[in-house]
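Report on the structure given below.
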Amino acid sequence: MLKDDIESLDAKVQSGLEELARSTAEFAAERQKWDAMDRSVASARTVNAALLARNKEVVALYETKLSGHLDTFRQRLGDAPAVFREMIEERRRLLAAATLDVEKSNYTAMIETCEAAAALCERRSQELFGEVKAGEGSSERSQRANATNLRRTIENMKKLQAMHQKWDETFNSYPSALDSPSLANWFTTLSLYSEDLAAFSKSVDKLKEVMKQKTLPAPKANKED
């Protein structure tokens, strides 16, 4: 259910950003399109609210379902190389005591598997949780610990919640005509009248010019010699 909630918030963010772009462009094109400004602020408020809600959902998901599992995984991953190396010693003893070829081949494969697993667990632990040591190459320094970064990202998201709340306070303080549908409709009607009046004025002016042209005497045809 939580996944559906996050996807719904994602869709709200995207549609809000699209509407914000459209209404802002409309307001920028014409200074007096106040309804476009109202819609721009409303869209920005919607996007901000959805970002805040998504932020809280992701943080809650991490804290309730991932954080504990991540700590357990980190502990097991850190312990795994030593566990595998103990297995290697035990399986070497079993290999030495084996009398059947199938035993020997399987214990040999098991030893090699444990050796590879120990090395790979060490590498994975370093990539996920390890800190890059000073003096390492620039390419290695750029490979930051993923799990460590995940925790930092979550902590940053918690800090950003206050920022989103301040944006919400900012947008809520804007006196929008959209808060009153009848008022918004009235302004829209006035805006449409002004636009139609301007179009009408241009049209009748053009009509007038055509009418004036028609009152002029028709040009005389040139007589042939």
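The values are calculated or read from the model by the stated rules, or taken from the named source; none is laboratory data. Nothing here was measured: the structure is a model prediction, and the numbers come from that model. Virtual Cβ from ideal backbone geometry, glycine too; neighbours counted across all protein chains shown. Note: areas computed on protein heavy atoms with side chains; ligands, DNA, RNA excluded. Shrake-Rupley method; radii C 1.70, N 1.55, O 1.52, S 1.80 Å.
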12 Å beta-carbon shell around ALA80, net charge (K/R +1, D/E -1): +2
Relative contact order of the chain, pairs being alpha-carbon contacts under 8 Å that are 6 or more residues apart, as %: 22
Between THR99 and ARG151, 0.36 nm times their residue separation minus their Cα-Cα distance comes to what? 13.6 nm
Helix axis angle, 146-172 relative to the chain longest principal axis, alpha carbon, degrees: 30
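Highest first, please rank the peptides 60-68, 8-16 by the mean number of other Cβ atoms sitting within 10 Å of their residues. Spell out each step's value before the answer.
Working: 60-68: 12.7, 8-16: 15.4.
Ranked from most to least packed, the peptides come out as 8-16, 60-68.
What whole-number value in Å² describes the accessible area per residue of the chain for a 1.4 Å probe? Let's see the in-between values first.
Details: 16680 Å² over 225 residues.
Per residue, the chain has 74 Å² of solvent-accessible surface.
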With the charge dipole of the range 1-140 built from beta-carbon charges (+1 for Lys and Arg, -1 for Asp and Glu) about the Cα centre, the Cα from ALA118, GLY16, LEU66 projecting farthest to the positive end belongs to GLY16
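Rounded to the nearest 500, what is the 222 nm mean residue ellipticity of the chain from helices alone, with -39500 (n - 2.57) per DSSP H run of 4+ residues and division by all residues? All intermediate terms of the calculation are to be shown ahead of the outcome.
Values: 7 runs with 182 residues, N = 225.
Result for the chain, helices only: -29000 deg cm²/dmol.
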Roughly how many whole Å is it from the C-alpha centroid of the range 68-122 to that of the range 164-214? 76
About the Cα centre, charge dipole magnitude for the chain (Lys/Arg +1, Asp/Glu -1 at Cβ), debye: 580
If you take Rg and Dmax of the Cα atoms in Å from the coordinates, which of (i) 17.6, 61; (ii) 36.0, 131; (iii) 20.4, 69 do you get? (ii)
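Using a 1.4 Å probe on the protein chains only, how many percent of the accessible area of the chain belongs to carbon and sulfur?
Working: 9480 of 16680 Å².
Carbon and sulfur: 57 percent of the exposed surface of the chain.
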Using a ≥ b ≥ c from the Cα gyration tensor of the range 52-121 (square roots of the eigenvalues), is it rounded, prolate or oblate, where a/c under 1.5 gives rounded and otherwise the larger of a/b and b/c decides, a/b for prolate? prolate
Sorted by chain and number, the residues with a modelled amide H under 5 Å from that of ALA98, at a separation of 5 or more or across chains, are none
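Count the lysine pairs in the range 1-130 whose Cα atoms sit under 30 Å apart, keeping only pairs 8 or more residues apart in sequence or on different chains. Don't skip to the end; give the middle numbers.
Working: LYS3/LYS12; LYS3/LYS56; LYS3/LYS65; LYS12/LYS33; LYS12/LYS56; LYS12/LYS65; LYS56/LYS65.
The number of close lysine pairs in the range 1-130 is 7.
If the convex hull of the alpha-carbon atoms of the range 1-103 is projected onto planes in all directions, what is the mean projected area in square nanometres?
On the way: hull surface 48.7 nm².
Approximately 12.2 nm², given one-decimal rounding.
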